[in-house]
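The values are calculated or read from the model by the stated rules, or taken from the named source; none is laboratory data. No experiment lies behind these values; they were computed from the predicted model shown. Using ideal geometry, Cβ is built from the backbone for each residue, glycine included, and neighbour counts are taken over all protein chains shown.
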Amino acid sequence: MIIGIDVGGTHADGVLLDGDRLAAKHKVSVDQQHLSDAIITLLQGLVPDDRKRLSRIHLSSTLCTNAIVTGALDPVGMLVQAGPGMNPEFLARSCPTWFLDGCIDHRGHILHDPDPKGIEAA
């Protein structure tokens, strides 16, 4: 299962995909001062009961990226998996950052699985 989230200026939309089937969808209002609230609310409505079936979460928004970079968001941490040929240190920010092994290419293909213990440790 895959969760996809898109955060816009006034609303955030989320979907839960089970293979090719739309299993759930959810839409919430966005408060620019508290972007994480919209994301958390979406996740609460979309994460399946059996979390082990969830293979990935996609978050798409320049709003979130801009808020993190400018410090206009509640404190966050980043789990970073650098792509092929990328220096992961380039992606480090002032927030807590953990670099994970594994690699996913620009098309979303897993080239090397991450170590689950590294994710749990972060």
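Is it the case that region 34-51 has a residue that's exposed (fewer than 13 other Cβ atoms within 10 Å of the Cβ) and of a type in the set (S, T, Y)? No - not one qualifying residue is present in region 34-51. Selection of region 28-72 for residues being under 28 Å from H109 (Cα atoms), among the charged types (D, E, K, R) and without any contact (Cβ under 8 Å) to a residue 40 or more places away in the chain yields D49, D50, R51, K52. When residues in region 5-44 are screened for being touching a Cys at 6+ places or on another chain (Cβ under 7 Å) and in a strand (DSSP E or B), 1 of them pass. Each residue in region 1-24 was checked for being of a type in the set (D, E, K, R) and either buried (at least 17 other Cβ atoms within 10 Å of the Cβ) or within 11 Å of S60 (Cβ to Cβ) (or both), and 2 pass. Please verify whether P75 is surrounded by 11 or more Cβ atoms within 10 Å (Cβ to Cβ) and either under 21 Å from A122 (Cα atoms) or not assigned by TED's automatic domain parsing to the domain that holds D115 (or both), treating the condition exactly as stated. The answer is no for P75.
Does region 46-64 hold any residues that are part of a strand (DSSP E or B) and either touching a helix residue (DSSP H, G or I) at 6+ places or on another chain (Cβ under 9 Å) or basic (K, R) (or both), and which are they? Those that are part of a strand (DSSP E or B) and either touching a helix residue (DSSP H, G or I) at 6+ places or on another chain (Cβ under 9 Å) or basic (K, R) (or both): R56, I57, L59. The residues of region 106-120 that are in a loop (DSSP other than H, G, I, E, B) and either loosely packed, with under 10 Cβ neighbours inside 10 Å or more than 16 Å from the chain's Cα centre (by Cα) (or both), listed by number, are H106, R107, G108, H109, D113, D115. Looking at this structure, is A82 surrounded by 13 or more Cβ atoms within 10 Å (Cβ to Cβ), closer than 18 Å to M1 by Cα, of a type outside the set (V, I, T) and without any contact (Cβ under 8 Å) to a residue 24 or more places away in the chain? So A82 fails the test. Looking at region 52-64, which of its residues are surrounded by 14 or more Cβ atoms within 10 Å (Cβ to Cβ) and modelled with pLDDT under 80? Of everything in region 52-64, those that are surrounded by 14 or more Cβ atoms within 10 Å (Cβ to Cβ) and modelled with pLDDT under 80 turn out to be S61, L63, C64.
The single condition among (1) part of a helix (DSSP H, G or I); (2) at pLDDT 80 or above; (3) of a type in the set (A, V, I, L, M, F, W, C) that A67 does not meet is (2).
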